[in-house]
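S.K.: Below you will find the structure I want to go over with you.
The values are calculated or read from the model by the stated rules, or taken from the named source; none is laboratory data. Remember, predicted model here, so these are calculated numbers, not experimental data. Here the Cβ is made from the backbone with ideal geometry for all residues, glycine too, and neighbour counts use every protein chain on show. We work out accessible area using only protein heavy atoms, side chains counted, and drop any ligands, DNA or RNA first. Shrake-Rupley method; radii C 1.70, N 1.55, O 1.52, S 1.80 Å.
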Amino acid sequence: MRALCQILMILLGGILVGCGTAPESARGFRLPDGDPDRGRQAFLAMQCNACHRIEGVELPVLDIAAPVTVVLGGPVSRVKSYGELVTSIINPSHKLINTYPADDVSVDGETFMPTVNQFMTVDQLIDIVAFLQIQYDVIVPGVYPYSVYSYQ
């Protein structure tokens, strides 16, 4: 019986190793917690508000002609995860889909958002993510009562 248990444990271990994540997986990735107040300051200092409006947050208006205005925050039907927000900042073209209006995407199929990786610090990134995360309000879809039909 003991030998059978050992064989099962070895098989289970092999299965778990085989189901490991790929090297490019974000599993387990987490930056330290940021400060939302410093995130707001960084958001403004980097002039993110030239192209981004945040639902329910008053931000200064800049005299910069934005190619498109992207609304962040407000009610959403699912949580904007930490990883989604980080990825959207450091790789803004990662999630473009065919249904985006042509005016919201540049000619080469990329977003108009410039890559900020060369001048944004890690501290600024984690603080901006902390600032943005609290701007989303997850709304659970309503529960709709089933209609009762009587068949005769």
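S.K.: So how exposed is MET113, as accessible area in Å² (1.4 Å probe, rounded to 10)?
M.R.: For MET113, solvent-accessible area is about 60 Å².
S.K.: Let me know the Kirkwood hydrodynamic radius for segment 29-79, please, with Cα pairs as the basis and the value in Å to one decimal.
M.R.: 12.6
S.K.: How big is the accessible area of SER77 in square angstrom, nearest 10, if you roll a 1.4 angstrom probe over the protein chains?
M.R.: In the full protein context, SER77 sits at about 90 Å².
S.K.: What distance in nm separates the two pseudo spin-label positions at SER81 and ARG53, each 7 Å out from Cα along the beta-carbon direction?
M.R.: Once both label points are built, they end up 3.0 nm from each other.
S.K.: Of the accessible area of segment 50-99, with the probe set at 1.4 angstrom, what percent is carbon plus sulfur?
M.R.: About 56 percent, which is the carbon plus sulfur part of the accessible surface.
S.K.: How many nm is it between the label spots at ALA65 and ALA45, if each spot is 7 Å from the Cα in line with the beta carbon?
M.R.: That separation, rounded to one decimal, is 3.0 nm.
S.K.: Then there is this: Per residue, how much accessible surface does segment 38-101 expose to a 1.4 Å probe? Answer in Å², no decimals.
M.R.: That works out to 63 Å² for each residue.
S.K.: Using a 7 Å offset from the Cα along the Cα-to-Cβ direction at both THR121 and ASP35, what is the distance between the two label points in nm, to one decimal?
M.R.: Output for this residue pair reads 1.1 nm.
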